Amino acid sequence: MNTPTIKEQSTYTENGIIYPSKVMLDLNKLKKVYPTPKGEYVVLEDLNLQIMREEFVTIIGHSGCGKTTMLSMIAGLNPISGGNISVLGNPVKGPGPDRGVIFQSPSLMPWMTALQNVMLGVDQVFSHATKVQRRDIAKYYLHKVGLEGAFHKKAIELSQGMQQRVGIARAFAIKPKVLLLDEPFGMLDSLTRGELQDILIEIWNKEKITAVMITHDVDEAIFLADRVIMMTSGPKAKIGDVLNINFERPRTRKDVLEHPDYYQYRKHLIDFLEH
Amino acid sequence: MKQSLTMQKVTQLIGLGSLKSLSNLFSGKIGKDGVTLMLKKVVAPLASILLFIGLWHSGAKALYNMEADFKIEKALNDQGEKAADEMRACIAAGETGCQPNTLPSPAQVWASYKSLLKDHNAIRADKLAFKEKTAAMNAKRIAEGKDAITYTGRPSFVDQIMTSLKTVFAGFLLALLIAVPIGILIGLSDTLRSSVNWLIQILKPVSPVVWLLLVFMIVKTMTKNSESDSAFIISFISVGLCAMWPTLVNTAMGVASVDKDYINVAKVLKLGAVQKVFKVILPSSLPLIFTGLRITLSVAWMVLIAIELLAQSPGLGSFVWEEFQNGAMDSNSKIIVAMFVIGIIGFLLDRIMLTIQQMVSFNKNEGV
């Protein structure tokens with residue numbers, strides 16, 4: 001078992017501000033239990049994971065192993081049965097905009113335009129800013145995801161891929177501390193998926209928001225991540241293996257595919273999944 | 001071209017898409033499929049209307065003959081051969097005194113329709129004349145602080161329709177103002193829903209007549225000392241109470257069944273309660289609320305006639321009842337005219353609601 005060992009730093013300084021540690025997100029002995037008529041069903045048990053600032057982590061594992069449960073617990077949408085989750089040392093107690101979520105389905109309000117959907121979050125988080133400033137923030141991120149021509153299109157008129165672009169813009173626009181992505185491209189065709197991966201990584205390279213992403217796609221996991229977490233199959237799922245991806249950033253898809261280590265990484269992941 | 005496009009949109013929107021083929025017919029745009037389409041959308045409905053009128057005509061004629069035979073036979077039995085011959089001659093001559101009283105034929109109904117219109121025009125002219133005559137006097141009376149003299153003549157058929165529409169809209173508005181807010185509250189809270197559900201389930205199937213009596217009990221006492229039009233108040237409140245249930249149930253259902261994803265988005269963004277309701281929950285349940293309102297309006301129109309009839313308040317319902325009591329030569333055909341008017345207005349109201357429903361619905365294919 002190759003559990004990651006983190007060197008605990010007592011303090012971490014950035015821009016002159018002293019933070020308690022370099023750890024952004026800390027899952028400690030996390031446990032999730034669902035009561036069933038036949039007794040308790042333990043989904044996750046004794047799960048420990050620390051994610052650093054500006055780190056992009058992808059989580060891979062078989063369907064039903066509890067990846068999504070874990071992510072929604074981090075988001076605060078699903079109560080914790082045991083252990084704890086903290087963001088910068090503050091324990092998570094319910095959902096909040098410091099943890100932005102990109103859902104598997106775009107989850108846009110279909111009666112709102114693309115801009116209104118992004119504004120919904122921006123208005124909430126930057127309530128102290130002026131109306132013009134808030135609009136500019138929303139427009140900036142829509143521009144970043146390549147939707148500058150579709151500000152005023154109703155969400156329902158956009159294609160699935162376009163809708164998910166709005167979802168990405170909405171998540172980044174509220175400037176969360178942690179970005180949680182729950183198989184955001186799982187419902188898209190492979191061409192659109194590639195496009196959206198490029199868009200996501202381009203924005204991420206600029207914003208460097210700590211990201212945790214669930215995926216089923218081995219190539220996606222390698223291309224986007226600094227670290228790939230492999231989860232064992234449930235019940236009582238935990239972290240089975242961790243793979244550090246040492247490609248330089250910013251990376252392009254071409255560089256990654258041509259890198260001599262790429263197939264090694266890929267083999268490692270597939271071996272784990274086929275076990 | 002642009003104009004015809006907008007025309008098409010309008011007809012499509014009000015749910016009369018079949019008119020499209022008619023307009024194509026007149027602009028000479030009939031393609032290969034045009035003929036089949038025309039057969040389907042124009043010829044077939046026209047044929048069904050003609051068939052309906054034909055059946056009605058022959059049915060009315062058969063009933064007329066049966067009734068005439070009864071009359072002749074009765075005269076024969078009661079007063080002998082001579083009276084029977086006189087009756088036969090009288091019926092054949094078309095004299096009004098001895099016509100059999102039965103289902104009127106389409107022609108009679110059409111004639112009654114025209115006479116009702118003529119009557120309306122006469123009354124309107126009368127009213128205008130009255131207004132002119134009393135204008136100077138009324139101005140003086142108002143200056144003196146007295147009430148103006150108002151026209152107190154008989155209302156025409158069209159006036160009755162207007163009264164009915166006024167009552168139904170007042171009732172509909174009342175239903176909307178009661179059912180939508182309560183529906184939202186019930187939809188938002190599980191506890192509230194389960195605690196008042198029994199009441200809704202019991203009250204929902206109560207007959208319009210009972211509502212009327214209940215409202216009558218309350219309003220009668222409350223309006224004892226006021227000069228307000230209690231018949232109107234009673235009927236519109238009863239209409240509102242009878243018709244609000246579909247809106248109440250649909251609103252509660254719509255609010256309670258908002259997509260979980262939208263609720264999660266609201267949670268992640270930490271929207272406040274008010275914002276959550278107005279920005280997420282209400283817009284997403286609007287289509288269901290409007291489906292409820294559409295049913296409410298058609299129920300309101302349906303029970304209105306019965307309630308007016310019972311509450312003695314003016315309108316189409318009392319028109320029908322008075323004509324029935326009246327028993328004049330053309331009473332039956334006037335009742336049939338009223339029946340068609342009620343049906344057509346009901347249809348138009350439903351179309352208006354459908355149009356509004358489609359405008360507020362984010363999924364344009366819903367409803368119909």
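The values are calculated or read from the model by the stated rules, or taken from the named source; none is laboratory data. Since we're looking at a predicted model, the values are computed, not measured. For neighbour counting, all protein chains shown are included, and Cβ atoms are generated from backbone atoms with ideal geometry for every residue, glycine included.
So for the stretch A:177-197 (the condition being among the acidic types (D, E) and out of contact with any Ser or Thr (no Cβ under 9 Å at 6 or more places or on another chain)), does at least one residue qualify? Yes, that holds for at least one residue.
Look at the stretch A:182-204: where a residue is free of Cβ contacts under 8 Å to residues at least 40 places away in the same chain and a partner is part of a loop (DSSP other than H, G, I, E, B) and aliphatic (A, V, I, L, M), sitting 6+ places away or on another chain with Cβ atoms under 8 Å, you get A:L196/A:L188.
Per-residue answers, yes or no, for (1) modelled with pLDDT of 90 or more; (2) among the hydrophobic types (A, V, I, L, M, F, W, C); (3) more than 18 Å from A:A211 (Cα to Cα):
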{"site": "A:K38", "(1), (2), (3)": "no, no, yes"}
{"site": "A:L44", "(1), (2), (3)": "no, yes, yes"}
{"site": "A:T58", "(1), (2), (3)": "yes, no, no"}
{"site": "A:C65", "(1), (2), (3)": "no, yes, yes"}
{"site": "A:M70", "(1), (2), (3)": "yes, yes, no"}
{"site": "A:Q104", "(1), (2), (3)": "no, no, no"}
{"site": "A:M109", "(1), (2), (3)": "yes, yes, yes"}
{"site": "A:M112", "(1), (2), (3)": "yes, yes, yes"}
{"site": "A:V118", "(1), (2), (3)": "yes, yes, yes"}
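Report, by residue number, each residue of the stretch A:222-266 that is closer than 18 Å to A:R193 by Cβ and out of contact with any Phe, Trp or Tyr (no Cβ under 9 Å at 6 or more places or on another chain). Selection gives A:T252, A:K254, A:R266. I'm trying to understand the selection: among the residues of the stretch A:19-53, which are acidic (D, E) and crowded, with 16+ Cβ neighbours inside 10 Å? Result: A:D26, A:E45. Among the residues making up the stretch A:21-67, those that are without any contact (Cβ under 8 Å) to a residue 12 or more places away in the chain and not in a strand (DSSP E or B) are A:P37, A:K38.
Total residues in the stretch A:232-271 satisfying the condition of being touching a residue at least 60 places away in the same chain (Cβ under 8 Å) and more than 25 Å from A:D189 (Cα to Cα): the figure is 11. Out of curiosity, is A:M70 aliphatic (A, V, I, L, M), buried (at least 18 other Cβ atoms within 10 Å of the Cβ) and not in a helix (DSSP H, G or I)? For A:M70, the condition - aliphatic (A, V, I, L, M), buried (at least 18 other Cβ atoms within 10 Å of the Cβ) and not in a helix (DSSP H, G or I) - is not met. Once the stretch B:118-149 is narrowed to residues that are β-branched (V, I, T) and under 34 Å from the mean Cα position of the chain (by Cα), the residue that is surrounded by the fewest Cβ atoms within 10 Å (Cβ to Cβ) is B:I149. Among helices (runs of 4 or more DSSP H) entirely within the stretch B:229-314, having at least 3 residues that are within 14 Å of chain A (Cβ to nearest Cβ) singles out B:260-268, B:282-311. Where residues in the stretch B:68-112 are among the charged types (D, E, K, R) and buried (at least 16 other Cβ atoms within 10 Å of the Cβ), which of them is nearest to B:E323 (Cα to Cα)? Taking the candidates together, the pick is B:K71.
Listed by position, the helices (runs of 4 or more DSSP H) contained in the stretch B:152-224 that have at least 3 residues being under 17 Å from B:A306 (Cβ atoms) are B:157-188, B:208-222.
Scanning the stretch A:187-228 for residues that are of a type outside the set (S, T, N, Q) and part of a loop (DSSP other than H, G, I, E, B) turns up A:M187, A:L188, A:D189, A:K208, A:I209, A:H216, A:D217, A:A225, A:D226. Take B:I289 and tell me if it is surrounded by fewer than 23 Cβ atoms within 10 Å (Cβ to Cβ), at pLDDT 90 or above and farther than 30 Å from A:G96 by Cα. Against the criterion (surrounded by fewer than 23 Cβ atoms within 10 Å (Cβ to Cβ), at pLDDT 90 or above and farther than 30 Å from A:G96 by Cα), B:I289 does not qualify. The condition of being in contact with a strand residue (DSSP E or B) (Cβ under 9 Å, 6 or more places away or on another chain), of a type in the set (K, R) and either crowded, with 23+ Cβ neighbours inside 10 Å or farther than 24 Å from B:K276 by Cβ (or both) holds for only one of A:K153, A:K144, A:K139, that being A:K153.
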